Amino acid sequence: MSHAKFLHDAGGKYLQVTDDRPKNRAITSADYKRLGQLLTEVGKRTADLGVPLGYHNHMGSLGEHPEEVDQILEATDPRYAKLELDVAHYFQGGGDPVKCIEKYSDRLLFLHIKDVEKLPDAKKNYRFVELGRGQVDLPAIFKALDKVKFRGWAIVELDDVPDKTRTPKECAAMSKKYLEEKLGITV
């Protein structure tokens, strides 16, 4: 709650929360229910401050795969726990972000817009890249957002600089150029 209070006092709009997958045991349906209940309780408290709560799906979390996101959201009260959809993590977890947008249009709080490419023969089999350089169908995502009349925040994010010869600023400029020139989105 201290984070929510700080966010409120700083004028922030949303509180993003995520979790970690258990490391040394199998995940059970009780884990999803417990997380859903916890998200609901935290969401009730942040709502008292006027700060909506969004669950952030992420690799390495209980919401790594689409069916897991479903189980978590089914275990929450939709009045208090929304979805902060990270389209690249959802894709990497085996999901179709467009279908997720359509399914959870009434629960989308905000989005992380980013791209990911699959890597062969690597310890980590994926890498986040600048928009338009990976495999996420970004044009379809923006069409889906338009179709469901989403009017919230969509934040461009890049977890790491994929090519160390570029700076973070250069990567951001590449993503901005993609949005403006390929998708016709004003940034």
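The values are calculated or read from the model by the stated rules, or taken from the named source; none is laboratory data. Just so you know, these numbers come straight off a predicted model, no measurement behind them. Neighbour counts are summed over all protein chains in view; Cβ atoms, including those assigned to glycine, are modelled from backbone coordinates with ideal geometry. The area values use the complete protein model at the heavy-atom level, side chains included, leaving out ligands, DNA and RNA. Shrake-Rupley method; radii C 1.70, N 1.55, O 1.52, S 1.80 Å.
Quick notes
- Failed condition for residue 49, given (1) touching a residue at least 40 places away in the same chain (Cβ under 8 Å); (2) open to solvent by 60 Å² or more (accessible area, probe 1.4 Å): (2)
- Criterion (part of a helix (DSSP H, G or I), under 29 Å from residue 125 (Cα atoms), of a type in the set (A, V, I, L, M) and in contact with a strand residue (DSSP E or B) (Cβ under 7 Å, 6 or more places away or on another chain)) met by exactly one of 39, 73: 73
- Checking 152, 134, 184 one by one, the residue that is open to solvent by less than 40 Å² (accessible area, probe 1.4 Å), of a type in the set (Gly, Ala, Ser) and over 29 Å from residue 74 (Cβ atoms) is 134 and no other.
- Only residues that are among the polar types (S, T, N, Q) and within 19 Å of the chain's Cα centre (by Cα) were counted across the stretch 1-43, and they come to 3.
- Scanning the stretch 171-181 for residues that are more than 20 Å from the chain's Cα centre (by Cα) and either more than 13 Å from residue 129 (Cβ to Cβ) or loosely packed, with under 14 Cβ neighbours inside 10 Å (or both) yields 173, 177, 180, 181.
- Positions within the stretch 155-170 being of a type in the set (Val, Ile, Thr), more than 23 Å from residue 96 (Cα to Cα) and open to solvent by less than 90 Å² (accessible area, probe 1.4 Å), in sequence order: 161, 167
- Flag if residue 91 is open to solvent by 10 Å² or more (accessible area, probe 1.4 Å) and in contact with a Pro (Cβ under 7 Å, 6 or more places away or on another chain): yes
- Among residues of the stretch 1-34, those that are polar (S, T, N, Q) and exposed (fewer than 10 other Cβ atoms within 10 Å of the Cβ), counted: 3
- Test: residue in the stretch 108-118 that is over 17 Å from the mean Cα position of the chain (by Cα), open to solvent by 20 Å² or more (accessible area, probe 1.4 Å) and at positive phi: no
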